[in-house]
Amino acid sequence: MKKVSILGTALLFLGASGLFAFDVGELAKRSDHGFKPVVVKDWQAPDEKTIPNNMFGEYVRYGKALVQETYKYIGPEVNDPKMRYAGNNLSCNNCHLDAGTKKYSAGFMGVFANFPQYRPRENTIGNIEERINGCMQRSMNGKPLPENSKEMKAMVSYMYWLGQGVPIGAKVEGVSLVKVDRKIIMSRAADPIAGEKVYKEMCASCHGDNGQGVKREGKAMGYEFPPLWGKDTYNTGAGMFRLIKSADWIVANMPLGATSDARILSDDQAYDVAAYMNNYDKERPIKANKEKDFPDAVVRAADSDIGPYNDDKNRHQHKFGPYKGIIIPAK
Ligand code: HEC
Ligand code: HEC
């Protein structure tokens, strides 16, 4: 009798938990600021020539340089060991293209106006410094910059300058990423074998046969073409390691020259090549304590490959799809 009731409870638990996959509606609710955001259309980057010649301008310029040539100031090869905050030789600019001004490449135009904000990965309200340090510890595989360091103040100053005139909380057209067709990701798993073919035809000429990229000569000079896997790139805690996020980024930005309006890859190709480059047979730095990410499974990113999940799908399916039954669309 005892056994049966335990089994019964276990089944009940399984059944109930199956109702709560990643809930887009719940995320929207938690992210709500309580006011209707203004929409900014046709955002244009401000003119560099207007950066003032004073201390503020100096920080803005240094912040831009840090974004564009991160490896030169805080990379693992800089002379001063205390300044080696980043763990790889990437630059922020390798993903946040054109110094964070390119639309749909996770640009920085709307960032300053949108923090503090709810962060599902930490399940708390985060500030802009913490968000930058999120990328420092994941995309840059490094250490957090002290919030009062010159480097942190400089990057924040640059984002402030870039976001001048954007009202607080506004949605700037072209921020974040485009979305590959959600019908595709709901209906099929990404295929790393099809992705390998895409990689060889469309990516390897720049990023190399082994995803190793092409490094510039000399110390702390970064990459001409950055590595996609291997020791010197983003770690397993990075957004780029997650399948949907990475496909969304790739489709409007790669091969180099692609934009949201002039795409080169189809959505299917972006989905598959993202699975290929982020597959488990590729070496990449491991993010420590990744199991602490997304402490609340209700808003755990659908493509996070570490559970526990609030649905009955396994880790493999969260990593590669299909995402039907994993994502509950907003009502
Ligand atoms: C390997 C790629 C990569 C690198 C390198 C990288 N990031 Fe990111 N970053 C991302 C992705 C992907 C996102 C998430 C974009 C989204 O979800 O809209 C992101 C988001 C951000 C955000 C939040 C953007 C927003 O719209 O709220 C900030 C700020 C940021 N990164 C700063 C930086 C800084 C500063 C650096 C360099 C120190 C850096 N990132 C390096 C990939 C990268
Ligand atoms: C013509 C050369 C070229 C081709 C082809 C190309 N890329 Fe890139 N890729 C670049 C460059 C250059 C950057 C860095 C951009 C910058 O810093 O301005 C980059 C950045 C990236 C990044 C972010 C940085 C990193 O190291 O993770 C990813 C991911 C990426 N490319 C994936 C791809 C994929 C997938 C393809 C094929 C569909 C592809 N690229 C094709 C040149 C290329």
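Data overview
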| quantity | calculated |
| --- | --- |
| Residue tally, condition touching a Cys at 6+ places or on another chain (Cβ under 9 Å) and among the aliphatic types (A, V, I, L, M), over region 137-182 | 2 |
| Residue match in region 189-200 (condition: surrounded by fewer than 22 Cβ atoms within 10 Å (Cβ to Cβ), small (Gly, Ala, Ser), within 16 Å of ligand 2 (Cβ to nearest atom) and free of Cβ contacts under 8 Å to residues at least 40 places away in the same chain) | no |
| Ala275 assigned by TED's automatic domain parsing to the domain that holds Asn210, under 24 Å from Tyr199 (Cβ atoms) and out of contact with any strand residue (DSSP E or B) (no Cβ under 9 Å at 6 or more places or on another chain) | yes |
| Some residue of region 151-159 being in contact (Cβ under 8 Å) with a residue 24 or more places away in the chain and part of a loop (DSSP other than H, G, I, E, B) | no |
| Enumerated helices (runs of 4 or more DSSP H) restricted to region 218-331, each holding at least 1 residues that are within 14 Å of ligand 2 (Cβ to nearest atom) and at pLDDT below 95 | none |
| Single unsatisfied condition, Ala65 versus (1) more than 30 Å from Lys36 (Cβ to Cβ); (2) part of a loop (DSSP other than H, G, I, E, B); (3) among the hydrophobic types (A, V, I, L, M, F, W, C) | (2) |
| Filter result for Tyr160 (in the same structural domain as Gln269 (by TED's automatic domain parsing) and among the aromatic types (Phe, Trp, Tyr)) | no |
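Table: residues versus (1) of a type in the set (Asp, Glu); (2) away from ligand 1 (no atom under 15 Å from the Cβ).
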{"position": "Lys231", "(1), (2)": "no, no"}
{"position": "Ala252", "(1), (2)": "no, no"}
{"position": "Gly257", "(1), (2)": "no, yes"}
{"position": "Ile306", "(1), (2)": "no, yes"}
{"position": "Tyr309", "(1), (2)": "no, yes"}
{"position": "Asp312", "(1), (2)": "yes, yes"}
{"position": "Ile326", "(1), (2)": "no, yes"}
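The values are calculated or read from the model by the stated rules, or taken from the named source; none is laboratory data. Remember, it's a predicted structure, so these values are computed and weren't measured experimentally. Neighbour counts are summed over all protein chains in view; Cβ atoms, including those assigned to glycine, are modelled from backbone coordinates with ideal geometry.
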